[in-house]
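For reference, the structure is listed below as structure tokens.
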Amino acid sequence: MFTRKIAAIAATLALLAGAAPAQELSFGAMSTPPVQGWMSSDIGEAWSQGYKGRGASITVIDDFSSRNYLAGRLTGGWTIGTHGVMTYFQSALVAPEARFRIQDFTNTRSVRLTRNFDVINLSYGMFAADGYDVNNIWWGAREGSVINHARTGNALVVKAAGNDGVAVGTATAYGDQDYLASALIGTRSALFVGALDRNGSVEAPASMAWYSNTAGSDERVQDQFLTVGVDSSRLGLAGTSFAAPIISGYGAILHSKFRTATPTDIANRLLETARTDTVVNYDPSVYGRGEASLSRALAPAAIR
Amino acid sequence: MIFKNGIFFQDIGRCVAASLLAVVVHVSAAGATSLLEETHLINVTLGSDLSSIPSSARSEGYELSGGASISFDDWYQVRTPDLRLEFLTEIRSDLGFIWGFGTGEYGEKYRIDPSLKIGLLYTAPVGDNGLFSLRVTTRIGGHLRERACTADYGEIGGVQRVNCRLAATPLEPRETLQYLWDERPGDRLQASVGLMFRF
């Protein structure tokens, strides 16, 4: 089985055994960055008041050490870095006051939970030839721990849906399958995140990005599937790799409001408040529960 | 607790009003006539310096989690405006007693307490054409206070008391209560010195 970063620009990466624990980073020590053009207007509204993710810990498992670099316009100008630098930086821009831990692909240790509210961002997949029974896969410590956290509901696990244009949990045109996605289907606190071609609105609804995996006909996946805009014309990057960090940031922001909510509560909240009127021809087999809406997730159902 | 709920000032307002009424009833007819002759209405205003705070919120709003729109217009619309009257009663030719009251302002989610204004105006000639004046007033009451809302966040947050305006922000619901308006009037203590020359 091999790891594949879920970006439009795919790169091969050899898995190496590692011993270093996840590295802790704190973006909050820097001045709060402004709302970026690729972000939903929801984020700007959320930023006008609030803690922007304080109290949450986002673990980003990704490639931080290879020599495969991407260039993206995360802050207007061009940022160059590894796939992991991009996904970490993106989630840090959405939830700058969260605490961050980065775990390089070379570090295959299990992902330990913090004392904070834990979010785990997975902008990668674990691919092997189609046909294995996902229940009989012997997972390594890292993926095994992540799957377990999602099953027990101890962490919000945010998984990029994939860029093969197929339904989550099914074989790609190359005959392989993302078994990490398959293993997360039906778990309590995992979300799959697909990419829209931009941030949608009622006046200008968005479409599924051409490359994005969809929810498919499995109702369990549909009930775990969200979409967000990945506006490549503004971001300079494409791929569901850059959809997942947005939802990871949303999860952290939601936690800063609902401090006693569990990861499962936060996942359900994002799913329940997703919009179906901001996407073109809403169909649950394509968009799952719809386009994530941070403002609706933060708002009460009724007030008097 | 009584003070926090604003009843204290309301009670003061009522006591003052009752006292004033008692004074008016019990003074002799001649005294009352004299007092009235020496009393002048010097200012009438509708609304206070604090009225602009709820008024500016009226244009705002947000969406509920289900998509329904919430407008602040009804919540912060003036139901009863604050009528403020100010009188000057001459005590001596160079000294006047300033007094007045405000009825208070009410909206669905806020109120400005009734208020009482008292003070003194002292004048003294400066040369043949000049007049020096010193005016000191204080306003008791007149606080702006905002009422909390009850918001239902469903399974994730339950039913909680919140600041109506901030219920949809990332702030914790209970923390929003710290941002309820609780503003003192801007004219709770005013002193002014004037010097006027006629030429």
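Among the numbered conditions (1) surrounded by fewer than 24 Cβ atoms within 10 Å (Cβ to Cβ); (2) among the aromatic types (F, W, Y); (3) within 14 Å of another protein chain (Cβ to nearest Cβ), the only one that A:Y250 does not meet is (1).
Here is a yes/no grid of residues against (1) more than 7 Å from chain A (Cβ to nearest Cβ); (2) surrounded by fewer than 16 Cβ atoms within 10 Å (Cβ to Cβ); (3) of a type outside the set (D, E, K, R):
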{"site": "B:T137", "(1), (2), (3)": "yes, no, yes"}
{"site": "B:R147", "(1), (2), (3)": "yes, yes, no"}
{"site": "B:G154", "(1), (2), (3)": "no, no, yes"}
{"site": "B:S192", "(1), (2), (3)": "yes, yes, yes"}
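Put simply, of B:L134, B:L85 the only residue that is out of contact with any Gly (no Cβ under 6 Å at 6 or more places or on another chain), farther than 30 Å from A:R269 by Cα and modelled with pLDDT of 95 or more is B:L134. Remark: B:L166 matches the filter, which requires a residue to be buried (at least 21 other Cβ atoms within 10 Å of the Cβ), within 27 Å of the chain's Cα centre (by Cα), within 14 Å of chain A (Cβ to nearest Cβ) and closer than 18 Å to B:I53 by Cβ. Where strands (runs of 3 or more DSSP E) fall wholly inside the stretch B:46-109, the ranges with 2 or more residues that are over 18 Å from the mean Cα position of the chain (by Cα) are B:61-63, B:69-71, B:83-92, B:95-102. For the stretch A:116-138, the criterion of being of a type in the set (F, W, Y), out of contact with any Asp or Glu (no Cβ under 9 Å at 6 or more places or on another chain) and surrounded by fewer than 19 Cβ atoms within 10 Å (Cβ to Cβ) is satisfied by at least one residue.
Scan the stretch A:210-229 for residues that are more than 20 Å from A:T273 (Cβ to Cβ), crowded, with 24+ Cβ neighbours inside 10 Å and not hydroxyl-bearing (S, T, Y) and the total you get is 1. So the check is Cβ under 7 Å with 6+ separation or different chains; which pairs have a first residue in the stretch A:288-304 that's more than 7 Å from chain B (Cβ to nearest Cβ) and part of a loop (DSSP other than H, G, I, E, B) and a second one that's surrounded by fewer than 24 Cβ atoms within 10 Å (Cβ to Cβ) and among the hydroxyl-bearing types (S, T, Y)? Within 7 Å, the pairs are A:G290/A:T276; A:G290/A:Y282. Give all pairs with beta carbons closer than 6 Å in which a residue from the stretch B:45-62 that is free of Cβ contacts under 8 Å to residues at least 24 places away in the same chain meets a residue that is part of a loop (DSSP other than H, G, I, E, B) and of a type in the set (D, E); count only pairs at least 6 apart in sequence or on separate chains. Close Cβ pairs satisfying both conditions: B:R58/B:D73.
The values are calculated or read from the model by the stated rules, or taken from the named source; none is laboratory data. This structure is a prediction, so every number in the text was calculated from the model and none was measured. FYI the Cβ positions are ideal-geometry reconstructions off the backbone, even for glycines, and counts take in every protein chain you see.
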